[in-house]
Amino acid sequence: MNRKKINIKTLIINIMKNNCLKAFAIMSFMTCGTGVLSAQEIEAWVTNADRSMLFQQQPEKIIFGNEEGKGLPIIIDDRQEYQTIDGFGFAMTEGSAFHLHRMSAPARQQILKEMFATEGKNVGFSYIRLTLGASDLNNFVYSYNDLPDGKKDLAMKKFSLGHDYDDIIPVMKEILKIVPDIKIMSSPWSAPAWMKEMYNVRGGALRNECYNAYAIYFTKYVQAMAKEGINIDVVTVQNEPLNSRNTPSMPWYWQQQNEFVRDHLGPAFKAAGLKTKIVIFDHNCDRPDYPLAILSDPVTSQYVDGSAFHHYRGYMSGMSTVHRARPDKNIYFTEQMLTERPGSKTINIASSVKRLVVDVTRNWSKNSILWNYAADPQNDPHTDNGGCSMCQGAITIDGDKVTRNIAYYAVAHASKFVRPGSVRIASTDAFDPGVDITEDEERAEVRRATVVEHSNVLPNVAFKTPDEKIVLVVANDSWSQQAVKIQYKGRFANLRLAPGSVGTFIW
């Protein structure tokens, strides 16, 4: 058998060439094809406590690398998913719409675009809470069926959106031109006075004989708004059912709200073919027993999408308590007033974002809605007897002049990048245990793993967006400059945040 002579040197060179090509191909695939080892850039938007930066994009790009640095990292794990996010925004009270509608058309269009669009420096607020009738931030109180004393209209023949045509509907139509699919919730402060025990808009429960009429009232409202092109995604049954001190207001004990939803509102929406979700409670986190009592009724539960919360009392963990008992029902965060002193040289941004973005979403809420888009420099309008005289808007409107307040910046840190349809994903919490990997004391080549009881990382929350980006919001609520180490898919990046500052990081 003839055998060709083999040049050993040539063979070795060919093998080396082939292996190098294979290695290059593998590295190219890993860096370009999958992006796992690519030089991922992190985009950063920062607000500093001294107002030197207010939701400002940073010029420097942060790069993921292999250098671990010191301290335990915030580990982001996009394989662990939690609730889907509906959006972040404010209540469009009649008072807010009143001021917006009285701006000049160019000024109004400019601020609405800034608030609701996402391109450039616009902040992309993505949720609106309307008031179903008047709230305490109105020039005057009205409902959609106001009647003279002694009159009734149980069939709702005289129902009309009435004063909503003055400001709310025109402003909403302008917003919908900018973002047609924005999520909209609506909440009543009171039924019409003639339906109530005290025949007064302040306090006084709904009379039993009017339960069915009030269900028709809700139904006609959703249908009438839909005819105007305003689709109501969610209604809550009552704003603050355990507070009768506002004007307007209306108390509901859970037994009454349960009966109303079970026997009247739920069946009315079903019969009308409405897809609008029904959400119960809409009050403080200190009373998780209220929604859980209603949800314990299996008939009522079939009509209820979830429970809504405010944070004037109690702890955010009250929302997690309800989620733990009923994980099949959604959680909504529907109101919180956030104010600052006009002209302040500092901004309390870190604690605000920690509470109203980080804590709200870590406790399972699908959204975060703060109280009131706009007011004037005197925080007007508001009702005289039980209205809020200190309720500052996200923006202050003085003619065509607009001032952006702390609530604007706090919500912007989430709304611009955590778009509707995003999903909260796992990230290390301060009280999560961590693993510290260190060198052996005597042998540097040996690694040791130590379990740390608390990671003590900064308050943070992470999301995965519909276009597969990761968004991490971090609040430095400490008094010192912090080097924030993050870990994503085994690679590391080091971020810096000044004391009291907040950063939103996107990659």
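Structural remarks
- Using the average count of surrounding beta-carbon atoms within 10 Å as a protection proxy, the listed peptides 397-406, 429-438 rank, highest first, as 397-406, 429-438.
- With a simple spin-label model that places each label point 7 Å from the Cα along the Cα-to-Cβ direction, the separation between residue 456 and residue 105 comes to 6.1 nm.
- When each of the peptides 125-138, 238-251 is scored by how many other beta carbons lie within 10 Å of its residues on average, the order from highest to lowest is 125-138, 238-251.
- Relative frequency of Cα-Cα separations exceeding 22 Å in the stretch 65-224, percent: 55
- Taking all Cα-Cα distances within the stretch 48-155, those exceeding 21 Å account for 68%.
- Surface share of carbon and sulfur [accessible, 1.4 angstrom probe, percent] for the chain: 52
- When you restrict to C-alpha pairs under 8 Å that are six or more residues apart and normalise by the size of the stretch 171-303, the relative contact order lands at 26 percent.
- Pairs beyond 26 Å (Cα-Cα), from 183/416; 173/401; 157/177; 151/270: 157/177; 151/270
- Plainly put, the stretch 300-421 has a radius of gyration that is 1.02 times its Kirkwood radius, both from alpha-carbon atoms, as the Rg/Rh ratio.
- Partner aspartates and glutamates for residue 158 [C-alpha distance under 17 Å; skip if fewer than 8 residues away on the same chain]: 146, 149
- Altogether, the Stokes-Einstein calculation at 4 °C and 1.567 mPa s, with the Kirkwood radius of the chain over Cα pairs as Rh, returns a diffusion coefficient of 52 µm²/s.
- All Cα-Cα separations within the stretch 113-198 were binned at 5 Å from zero, giving a P(r) of 3, 12, 19, 19, 15, 12, 8, 5, 4, 2, 1, 0, each value a whole percent of the pairs.
- Across all directions, the average flat footprint of the convex hull enclosing the Cα atoms of the stretch 319-375 is 4.5 nm².
- Annotation: per residue accessible area for the chain equals 46 Å², rounded to a whole number [probe 1.4 Å, protein chains only].
- The largest accessible area among 417, 463 belongs to the first residue in 417, 463, and the rest follow in falling order (1.4 Å probe, all chains).
- Where only DSSP H runs of four or more residues are counted, the chain gives -7000 deg cm²/dmol as its mean residue ellipticity at 222 nm, each run worth -39500 (n - 2.57).
- Rg/Rh, computed from the Cα trace of the stretch 153-253 with Rh as the Kirkwood radius, has the value 0.99.
- Rounded to whole Å, sorted largest first: equivalent-ellipsoid semi-axes of the stretch 242-334, Cα gyration tensor: 21, 17, 12
- Cross-link reach is defined here as a Cα-Cα straight distance under 19 Å, omitting same-chain residues fewer than 8 places apart; for residue 70 the lysines meeting it are 485, 489.
- The eigenvalues of the Cα gyration tensor, multiplied by 5 and square-rooted, give the stretch 363-480 an equivalent ellipsoid with semi-axes of 44, 17, 13 Å from largest to smallest.
- Residue ranges 293-299, 308-314 sort as 308-314, 293-299 when ordered by packing (mean number of other C-beta atoms within 10 Å per residue, highest first).
- Spin-label model distance (nm) - residue 443 vs residue 346, 7 Å beyond Cα toward Cβ: 5.1
The values are calculated or read from the model by the stated rules, or taken from the named source; none is laboratory data. This one's a predicted model, so the numbers in the text were calculated from it and none came from an experiment. So basically every Cβ, Gly included, is an ideal-geometry build from the backbone, and we count neighbours across all protein chains shown. Protein only, heavy atoms only, side chains kept; ligands, DNA and RNA dropped before computing areas. Shrake-Rupley method; radii C 1.70, N 1.55, O 1.52, S 1.80 Å.
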